[in-house]
Every structure is written in structure tokens, then in C-alpha cells.
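FYI, it's all coordinate maths here, none of it is from the lab. Everything quoted here is computed from the prediction, not taken from an experiment. Glycine also receives a Cβ, built like all others from the backbone with ideal geometry; neighbour counts cover every protein chain displayed.
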Amino acid sequence: TCSVMGNESVFEDLTFNVNATDDATVDITLPSFGNPPMQVPQINVSDVKVSGSDGTYTLATTEFSGTTDSGRAVSGTIEGSYADEVLTIRFNLQYGAMPMPMICTFSAPKN
């Protein structure tokens, strides 16, 4: 789900990629979602710190920023958790010239 000023949208059948770069760090790829002209492109967030053990982990709040291929600015924060084989990712996203953030939460089972 993503909410902008209280208006919520639901997106289904999206695939996240979480790749370990070392024992305590992952890179996360958020899939593209939404519809043109406000379709959000794929976003890559590097160097997200991970802590935890025994199948329960926390993804530290991490800031990201950049520019899309179409020249739109993108920035925000991402955080999350993994427990009971379910990944939950929360992010606040400033995309393009939008004056308000998109507040998004995605949950998915491990594949």
C-alpha cells in the first residue's frame, strides 16, 4: 500500500530483491509500481544495515536519493524487518515535484 495525503493505493504482485553484500549489509531493489504519468521507476537502495539473529532481523532506517532515467528527483528513507519468513519494507518517498511524500508499506513472503 502507498498513501499520499490519506489516499491509499494497493499494488500487488511486485517482487523485491534483497541481496547481501556482507554479513551485516544488504542492497534492496524496489520494483517499479503505479501508473503513468506517476509511475514510480525501480529504485535501488544500497548499504542498508541489518541486525538480528535466529530468523528475526531489522533493516536500519536508511536515507537514499538520486535521479531517475527520466531526470526526476527521488529521495526518501527505507526501513524494515524480516520475521516469520515475511519481509516488511516501509519507505517514505519524495518523487519528482510532488510536494508531499508517498508513504508505502510492502510485505511479502520469502521466495
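Residues are listed down the side, and each one gets a yes or a no for (1) over 24 Å from Pro109 (Cα atoms); (2) acidic (Asp, Glu):
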| site | (1), (2) |
| --- | --- |
| Leu30 | no, no |
| Gly34 | no, no |
| Asp47 | no, yes |
| Leu59 | no, no |
| Gly71 | yes, no |
| Val74 | yes, no |
| Thr77 | no, no |
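Quick check on Phe11: is it part of a loop (DSSP other than H, G, I, E, B) and touching a strand residue (DSSP E or B) at 6+ places or on another chain (Cβ under 6 Å)?
Yes: the conditions hold for Phe11.
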